[in-house]
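Have a look at the structure below before the remarks.
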Amino acid sequence: MLETLSDGKWHTQAEIQQETRLKNVDVEKIIKFLKDYNFIMVEEKENKIKLNGSFRKLMLQTA
């Protein structure tokens, strides 16, 4: 899931689920965790998700 989000673009939950092949309930749990710890930004209206800029930079530095 983090690999999908690492491009810095907005993604829908359905798109993430399709790309990761995880069950919907598992994707929801991961999104909740990432949101609770401020690793992602969530656009509630459009149900879109993307990595927090600082976390994305950290991921790119360690890759």
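FYI, it's all coordinate maths here, none of it is from the lab. Just so it is clear, the model here is predicted, and its values are computed rather than measured. As a convention, Cβ positions derive from the backbone with ideal geometry for all residues, glycine included, and neighbour counts pool all protein chains shown.
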### Descending principal axes extents, the chain, alpha-carbon based, whole Å
30, 23, 19
### Cα-centre dipole for the chain with unit charges at Cβ (Lys and Arg positive, Asp and Glu negative), debye to 20
120
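As a footprinting exposure proxy, order GLU46, GLU19 by other Cβ within 10 Å, with the fewest listed first. Mind showing how you got there, number by number?
On the way: GLU46 9, GLU19 13.
Ascending number of Cβ neighbours within 10 Å: GLU46, GLU19.
Show me the trypsin sites (Lys or Arg not before Pro) within region 31-61 that DSSP assigns to loop and that have at most 11 other Cβ atoms within 10 Å of their Cβ. Each step should come with its number before you reach the end.
Working: sites: LYS32, LYS35, LYS45, LYS48, LYS50, ARG56, LYS57; in loops: LYS45.
In loop regions of region 31-61 (DSSP not H, G, I, E or B), the sparsely surrounded trypsin sites (Lys or Arg not before Pro) are LYS45.
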### Summary
The FRET efficiency for LYS45 and GLU3, from their Cβ-Cβ distance with R0 = 35 Å and rounded to 0.05, is 0.85
### Message
Which one, LEU58, PHE33, GLY8, is farthest towards the positive end of the dipole of the chain when Lys and Arg carry +1 and Asp and Glu -1 on their Cβ?
### Response
LEU58
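Just subtract the alpha-carbon distance of THR20 and LEU58 from 0.36 nm times their residue separation and send over the number in nm, one decimal. Please report the intermediate quantities before stating the final value.
Working: separation 38, 0.36 × 38 = 13.68 nm, distance 2.17 nm.
Full extension from THR20 to LEU58 adds 11.5 nm.
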